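Data first, discussion second: the structure below is written as structure tokens.
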Amino acid sequence: MSKPTFLYQLAQEILKTHSNSLLDLVVILPNKRAKVFLLEELKKSVANNAFAPKIISIEDFIQDVAGIRSIDSVELLFEFYDVYLTVTEKDQQESFETFANWAKTLLQDFNEIDRYLLDTNHVLNYLENIKEIEHWWEKIENKTELVEKHLAFWKKLPEYYQSLYDYLLNKGVGYQGLIYREAVGNLDHFSENNTNQFIFAGFNALNQAEEKIIQHLLALDKAKIYWDIDETLLHDSFHDAGLFQRKFKSEWIYYKTHPYEWIVNDFTETKNIHVIATSKSIGQAKITGSIIEKHIAENDTNLQNVAVVLGEENLLLPILHSLPNNVNALNVTMGFSSKNNPAQLLIAKLFKLHYNALSRNPSSYVMYYKDVLDILTHPLIEPYVYAGELVNRINKNNYTFITHKKLEELYTQENALFGMLFRKWDTSSVNVLENLSQILLQIKANLSYDNEEEKITNAFVYSVFKVINKMTSYFGQHQNIDDIKTLHAIYKQVIDVAEVSFEGEPLDGLQIMGVLESRVLDFETVIITSVNEGKFPAGKSTNSFIPYDVKRELELPTYKEKDAIYTYHFYHLLQRAKNIYLIYNADSDGFDAGEKSRFITQLEVEKQPKHNLTFQYFNPNVPNIAHQPIIVPKTESVLTRLREIAEKGFSPSSLTTYIRNPIQFYFQRVLRISETDEVEENIAVNTLGTIIHGALEALYKPFIGRVLTKVDIESCFKKIDDEVLTQFKEVYKEGEIKKGRNLLAFEVAKRNVYNFLKLELELLEKGDEVQIIALEAPLSRTLNHPNLPLPVTIAGNVDRIELRNGRVRIIDYKTGKVEQKSVTLKDWNGLTEDIKNDKIIQILAYAFMFEEQAKGRNIEAGIISFKNLKSGFLPFNFKQDKEVTDNVSPEIMEAYVEQIVVLLQAIFNVEMPFEEKVN
């Protein structure tokens, strides 16, 4: 580095002034992370073995002064609820879910009031008076119950505060503010009984309690404090980065007789600042990855002096997935909200599945297939449960709802994790929580500590495990809360205040951290993401019951002070760095729309002479051609497969598939790739068509080979319901058909069959003579033609062949709407080039296959459309000039065969690869 880091200077100062008394020295830093770096600097500077001084964070130091243990946010919420129940009348007590909504905010306010050593009764009574004034105009008799409850809540606040304070103090634990207040009260006792010397280093903003403690020790000559502020920022009275330190420098009595240490001049040194605008969060992650890749290429693999600082914690996972493979060491040190924690998302899915199953039917325990698949395909579960076969069975058999017993039958393996996931939940909250703990422990056992990504996953799992364990302890003590819905509500509330803490060994490799974790540390290359207004700095978002003007009056921190803190952190990151990358989201639309941070504008406006500022907009590499059509040459193996198909038979639908898209033909017929099974929750059109086809086949089967009578058809009407139901069960397997859209589809199928039989009956009554020849009959015929390289078989199943009034009629059922124009042809040329002729190609293929069996009788081939039944049978027509013929004569058959030969020639032509049709 061009200039020594702050911690290097601090190490030199410690060794110079306390070389003989390191054991009596306590160094207090803003966070725990900096301890390892300071120890490393001391180690480098000490020639012989020596005992290191005690190095602790400010929070640990305050706890030592107060003699009180810190309580975490989840435990605090539970403790506060217990206190709330003891001081609130039974008829006014709220559920934990409702309580937690306001308690989390109130606890933050209690914390601030205590850290700034304010008179709590004064503040809370002030808030009560404000609420009273807001309703001053209402007459007492006109006040509603809601208003009365609202005012009663504000009256209760002093009692809530004092009861919680006393309760925690009695247990020897406390939240941060309570510990700070008690530390100030215990200051004289602590300083009298402590012989250590103290060094405070690297601080910026201090609350009233911290100021009082530090000034007290300075006045007793028991401490020294070393700041880290650049003179450019300190002496500019309008610059927020120096806001707090200008105040301390001018107001602290200590500085009337002592120098202000240290004021440095590093910010004005040469710096390369790259401001990069991009689109969305993923764009920022990709750019970060490419910057690191470039750094490795230019500086070998040494990433020790590189830091990625996340302005927004949600970017952590995208950035981890965007890092180049040659990042050989990685340290993540930051807090991460549980909202997007993969382990938390799994627990949420388990609650959803089991709560819904209990709500539907506790005895049969019916689970919705999507809830089951969500769990089985979760990344923490899928690699260890091996449920591929189970998922296939669920999809293939259309299990929309699955009983617990059925699920156990379908999963044939022995797997402990599977058993835990789908074990029936009873109404005992403790049992449910213990089961969830076991699941998380089993997942943890599957993770490897040699893999950086799995180390991070382990941190996710552990954070949720801690929450579940605390809830188990709480519910064990409160047996009266024993309801899954309440349990889920409480879980959702407490998981919000739980944070994932990542802690690495930070002396080697790439550093990934949040903004607050960057305190005291200096890096040569700094990459900062989300440098957007509202993200960095965070903006005016407040989560407090105390209004802004009251905060100003009481000198509590507002968003202005919060912005000043972030300003200092931002400029401190830049202070000694040489290469700086500021990345922000420039998209003005969408959910995460962005505007560049004021910090970037400030760097532009107040540009230092030695700062090289560059601005660029990063556009992802978008190819000129959005989609390159797939082209597959006809190799010898492809031709061998085509010969197999020619021998077995080209179906009419395979010929139309080739016309629609040769690549689709290649995938389906040559490679034999079929679509994966998925649960068909709502009956698809093709499934409905299969059901109608099957029902008509079953109803007409007894009449094959003889003349139909009206009695035959009338007998079919009685069988419609049963036959359609049978077909539904056969085709739709275990799918639900008794309600919703599927029930409507069931009725539509029955109506279509009924309307078909009604049409048949009307035609018989008009004198038609009908004899069924075949139903769903497999047909085939080999086509030998001099222009083809080999004999080609055409094969397929025809829906119905009949003899009607002396003519052979070949019928293809269509569930969708078809009109006469779709089966009318004016010119043979180009028949196989246009997909709109697909229906003509299909019905004439059936005619071609049956021609020899017709034995010279006239043939007509056509379609019956269930959505156009009023038009009846729609025969193939050849319309030339004004003459229309519906007879499939030998001449028509010959012209058709010539066109099919042209199509088959293209399929077998080695020089014509399979080429995708894009549109």
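The values are calculated or read from the model by the stated rules, or taken from the named source; none is laboratory data. Just so you know, these numbers come straight off a predicted model, no measurement behind them. Using ideal geometry, Cβ is built from the backbone for each residue, glycine included, and neighbour counts are taken over all protein chains shown.
Inside the stretch 630-653, can you point out the residues that are crowded, with 18+ Cβ neighbours inside 10 Å and either within 11 Å of ILE907 (Cα to Cα) or aromatic (Phe, Trp, Tyr) (or both)?
The answer is LYS634, LEU642, ALA646, PHE650.
Does LYS634 fit the bill of being assigned to a loop (DSSP other than H, G, I, E, B), at pLDDT 90 or above, more than 30 Å from ALA845 (Cβ to Cβ) and of a type in the set (D, E, K, R)? Can you show your working first?
Details: assigned to a loop (DSSP other than H, G, I, E, B): yes; at pLDDT 90 or above: yes; more than 30 Å from ALA845 (Cβ to Cβ): no; of a type in the set (D, E, K, R): yes.
No; evaluated as a whole, the condition is false for this residue.
Got a sec? Which of ASP188, ASP240 is at pLDDT below 95, among the acidic types (Asp, Glu) and in contact with a Ser or Thr (Cβ under 8 Å, 6 or more places away or on another chain)?
Working: ASP188 fails: in contact with a Ser or Thr (Cβ under 8 Å, 6 or more places away or on another chain).
Only one candidate qualifies: ASP240.
Which ones in the stretch 779-799 are within 22 Å of ALA646 (Cβ to Cβ) and in a strand (DSSP E or B)?
The initial filter retains those residues of the stretch 779-799 that are within 22 Å of ALA646 (Cβ to Cβ), namely 779-798.
Result: LEU779, SER780, ARG781, THR782, LEU783, VAL792, THR793, ILE794, ALA795, GLY796, ASN797, VAL798.
Which one of these is among the aromatic types (Phe, Trp, Tyr), assigned by TED's automatic domain parsing to the domain that holds GLY594 and within 30 Å of the chain's Cα centre (by Cα): PHE545, PHE570? Let's see the steps before the verdict.
Working: PHE545 fails: within 30 Å of the chain's Cα centre (by Cα).
So the residue among PHE545, PHE570 that is among the aromatic types (Phe, Trp, Tyr), assigned by TED's automatic domain parsing to the domain that holds GLY594 and within 30 Å of the chain's Cα centre (by Cα) is PHE570.
Touching a His at 6+ places or on another chain (Cβ under 9 Å), at negative phi and not β-branched (Val, Ile, Thr) - does that describe any residue in the stretch 725-735? Working first, answer last.
Filtering the stretch 725-735 down to residues touching a His at 6+ places or on another chain (Cβ under 9 Å) leaves 727.
Checking the rest, the ones that are also at negative phi come to 727.
Now restrict to residues that are not β-branched (Val, Ile, Thr): 727.
The answer is yes, given that some residue of the stretch 725-735 is touching a His at 6+ places or on another chain (Cβ under 9 Å), at negative phi and not β-branched (Val, Ile, Thr).
Quick check: is even one residue across the stretch 816-827 touching a residue at least 12 places away in the same chain (Cβ under 8 Å), assigned by TED's automatic domain parsing to the domain that holds SER871 and either over 30 Å from ILE900 (Cα atoms) or touching a His at 6+ places or on another chain (Cβ under 6 Å) (or both)?
Filtering the stretch 816-827 down to residues touching a residue at least 12 places away in the same chain (Cβ under 8 Å) leaves 816-820, 822-826.
After this cut, where a residue has to be assigned by TED's automatic domain parsing to the domain that holds SER871 as well, the list is 816-820, 822-826.
Restricting the remaining residues to those that are either over 30 Å from ILE900 (Cα atoms) or touching a His at 6+ places or on another chain (Cβ under 6 Å) (or both) gives none.
Within the stretch 816-827, none of the residues are touching a residue at least 12 places away in the same chain (Cβ under 8 Å), assigned by TED's automatic domain parsing to the domain that holds SER871 and either over 30 Å from ILE900 (Cα atoms) or touching a His at 6+ places or on another chain (Cβ under 6 Å) (or both).
Checking the condition more than 24 Å from GLU533 (Cα to Cα), among the aliphatic types (A, V, I, L, M) and crowded, with 21+ Cβ neighbours inside 10 Å, which residue from VAL306, VAL327 passes?
Values: VAL327 fails: crowded, with 21+ Cβ neighbours inside 10 Å.
Exactly one residue qualifies, and that residue is VAL306.
Keeping to the stretch 805-823, report how many residues are in a helix (DSSP H, G or I) and either of a type in the set (D, E, K, R) or in contact with a Lys or Arg (Cβ under 8 Å, 6 or more places away or on another chain) (or both). Outline the logic, then answer.
Filtering the stretch 805-823 down to residues in a helix (DSSP H, G or I) leaves 820-823.
Add one more test, that the residue is either of a type in the set (D, E, K, R) or in contact with a Lys or Arg (Cβ under 8 Å, 6 or more places away or on another chain) (or both), and what stays is 821-823.
So the count comes out to 3.
Could you tell me which residue of the stretch 332-351 is nearest to the chain's Cα centre (by Cα), considering only residues that are in a helix (DSSP H, G or I) and polar (S, T, N, Q)? Lay out the reasoning, then the answer.
Our first condition is that a residue be in a helix (DSSP H, G or I); within the stretch 332-351, this holds for 338-340, 342-351.
This time we only want the ones that are polar (S, T, N, Q), so: 338, 340, 344.
Working: SER338: 13, ASN340: 7, GLN344: 12 Å.
Top of the filtered list is ASN340.
Taking the stated definitions as given, is ILE319 touching a strand residue (DSSP E or B) at 6+ places or on another chain (Cβ under 9 Å) and either in a loop (DSSP other than H, G, I, E, B) or at pLDDT 90 or above (or both)?
Details: touching a strand residue (DSSP E or B) at 6+ places or on another chain (Cβ under 9 Å): yes; either in a loop (DSSP other than H, G, I, E, B) or at pLDDT 90 or above (or both): yes.
Judged against the criteria, ILE319 is a match.
Would you mind stating whether ASN340 is surrounded by fewer than 22 Cβ atoms within 10 Å (Cβ to Cβ) and in the same structural domain as VAL515 (by TED's automatic domain parsing)? Quick ask: steps written out before the conclusion?
On the way: surrounded by fewer than 22 Cβ atoms within 10 Å (Cβ to Cβ): yes; in the same structural domain as VAL515 (by TED's automatic domain parsing): no.
Against the criterion (surrounded by fewer than 22 Cβ atoms within 10 Å (Cβ to Cβ) and in the same structural domain as VAL515 (by TED's automatic domain parsing)), ASN340 does not qualify.
What's the number of the condition GLY67 fails, among (1) modelled with pLDDT of 90 or more; (2) of a type in the set (Gly, Ala, Ser); (3) touching a helix residue (DSSP H, G or I) at 6+ places or on another chain (Cβ under 7 Å)?
Against the list (1) modelled with pLDDT of 90 or more; (2) of a type in the set (Gly, Ala, Ser); (3) touching a helix residue (DSSP H, G or I) at 6+ places or on another chain (Cβ under 7 Å), GLY67 comes up short only on (3).
What residue, of THR403, THR412, is touching a strand residue (DSSP E or B) at 6+ places or on another chain (Cβ under 8 Å) and surrounded by fewer than 18 Cβ atoms within 10 Å (Cβ to Cβ)? So that I can check it myself, show each step before the final result.
On the way: THR412 fails: touching a strand residue (DSSP E or B) at 6+ places or on another chain (Cβ under 8 Å).
None of the others qualify; the one that does is THR403.
Take the residues of the stretch 16-34 that are in a loop (DSSP other than H, G, I, E, B) and more than 42 Å from the chain's Cα centre (by Cα): which is surrounded by the most Cβ atoms within 10 Å (Cβ to Cβ)? I'd like the intermediate steps shown before the answer.
Residues of the stretch 16-34 that are in a loop (DSSP other than H, G, I, E, B), as a first pass: 18-21, 30-32.
Now drop any that are not more than 42 Å from the chain's Cα centre (by Cα), which leaves 18-21.
Numbers: HIS18: 17, SER19: 10, ASN20: 7, SER21: 11.
Out of the qualifying residues, it is HIS18.
Given the criterion part of a helix (DSSP H, G or I) and either at positive phi or in contact with a helix residue (DSSP H, G or I) (Cβ under 8 Å, 6 or more places away or on another chain) (or both), identify the matching residue among GLU13, GLU59. Full working, then the answer.
Working: GLU13 fails: either at positive phi or in contact with a helix residue (DSSP H, G or I) (Cβ under 8 Å, 6 or more places away or on another chain) (or both).
Only one candidate passes the filter, namely GLU59.
Regarding the stretch 372-386, can at least one residue be identified that is loosely packed, with under 14 Cβ neighbours inside 10 Å, part of a helix (DSSP H, G or I), in contact with an Asp or Glu (Cβ under 8 Å, 6 or more places away or on another chain) and of a type outside the set (Val, Ile, Thr)?
No, that holds for no residue.
Criterion first (in the same structural domain as PRO537 (by TED's automatic domain parsing), in a strand (DSSP E or B) and hydrophobic (A, V, I, L, M, F, W, C)) does ALA297 satisfy it?
Working: in the same structural domain as PRO537 (by TED's automatic domain parsing): yes; in a strand (DSSP E or B): no; hydrophobic (A, V, I, L, M, F, W, C): yes.
Answer is no for this residue.
Does the stretch 741-775 hold any residues that are touching a helix residue (DSSP H, G or I) at 6+ places or on another chain (Cβ under 8 Å) and of a type in the set (A, V, I, L, M), and which are they?
Scanning the stretch 741-775 gives ALA745, VAL748, ALA749, VAL753, LEU757, LEU759, LEU761, LEU764, VAL770, ILE772, LEU775.
Could you tell me which numbered condition ASN458 fails, if it satisfies all but one of (1) within 17 Å of MET334 (Cβ to Cβ); (2) modelled with pLDDT under 80?
For ASN458, the failing item is (2).
Answer yes or no: is there a residue in the stretch 741-752 that is at pLDDT 90 or above, crowded, with 20+ Cβ neighbours inside 10 Å and aliphatic (A, V, I, L, M).
No; the residues of the stretch 741-752 include none that is at pLDDT 90 or above, crowded, with 20+ Cβ neighbours inside 10 Å and aliphatic (A, V, I, L, M).
Could you check the stretch 83-101 and list, in sequence order, the residues that are modelled with pLDDT under 90 and assigned to a helix (DSSP H, G or I)?
Hits for the stretch 83-101 are LYS90, ASP91, GLN92, PHE96, GLU97, THR98, PHE99, ALA100, ASN101.
Please go through the stretch 195-229 and give me each residue that is assigned to a loop (DSSP other than H, G, I, E, B) and more than 22 Å from ALA241 (Cα to Cα), ordered by number.
Applying the first criterion (assigned to a loop (DSSP other than H, G, I, E, B)) to the stretch 195-229 yields 195-196, 202-207, 220-222, 227-228.
Matches in the stretch 195-229: THR195, ASN196, LEU220, ASP221, LYS222.
For the condition assigned to a strand (DSSP E or B), within 55 Å of the chain's Cα centre (by Cα) and assigned by TED's automatic domain parsing to the domain that holds LYS701, what is the one hit in GLU747, GLU802, GLU776? Walk me through how you get there before you give the answer.
Numbers: GLU747 fails: assigned to a strand (DSSP E or B); GLU802 fails: within 55 Å of the chain's Cα centre (by Cα).
Just one listed residue meets the conditions, GLU776.
Return the total of residues in the stretch 638-663 being within 20 Å of ASP834 (Cβ to Cβ), in contact (Cβ under 8 Å) with a residue 60 or more places away in the chain and part of a helix (DSSP H, G or I). Even if it seems obvious, please write down each step before you answer.
Step one: filter the stretch 638-663 for residues within 20 Å of ASP834 (Cβ to Cβ), giving 650-663.
Narrowing the set further to residues that are in contact (Cβ under 8 Å) with a residue 60 or more places away in the chain leaves 650-653, 655-656, 658-663.
Filter once more, so that each one left must be part of a helix (DSSP H, G or I): 652-653, 655-656, 658-660, 662-663.
Matching residues across the stretch 638-663 total 9.
Could you grab the pairs with beta carbons closer than 7 Å, sequence gap of 6+ or different chains, first residue in the stretch 856-873 and over 11 Å from SER822 (Cβ atoms), second one aliphatic (A, V, I, L, M) and assigned to a helix (DSSP H, G or I)?
ILE859/ALA847; ALA861/ILE843; ALA861/LEU844; ALA861/ALA847; PHE866/ILE692; LEU869/LEU759; GLY872/LEU759
Mind counting the residues in the stretch 256-268 that are assigned to a helix (DSSP H, G or I) and surrounded by 15 or more Cβ atoms within 10 Å (Cβ to Cβ)?
Taking the stretch 256-268 first, the residues assigned to a helix (DSSP H, G or I) are 256.
Adding the requirement that they be surrounded by 15 or more Cβ atoms within 10 Å (Cβ to Cβ) leaves none.
So the count comes out to 0.
Taking into account only those residues within the stretch 62-82 that are among the acidic types (Asp, Glu) and part of a helix (DSSP H, G or I), which is farthest from ASN170 (Cα to Cα)? First the steps, then the outcome.
Of all residues in the stretch 62-82, those among the acidic types (Asp, Glu) come to 64, 72, 75, 79, 82.
Still in the running and part of a helix (DSSP H, G or I): 64, 75, 79, 82.
Working: ASP64: 17, GLU75: 16, GLU79: 12, ASP82: 14 Å.
Applying the filter and picking the extreme gives ASP64.
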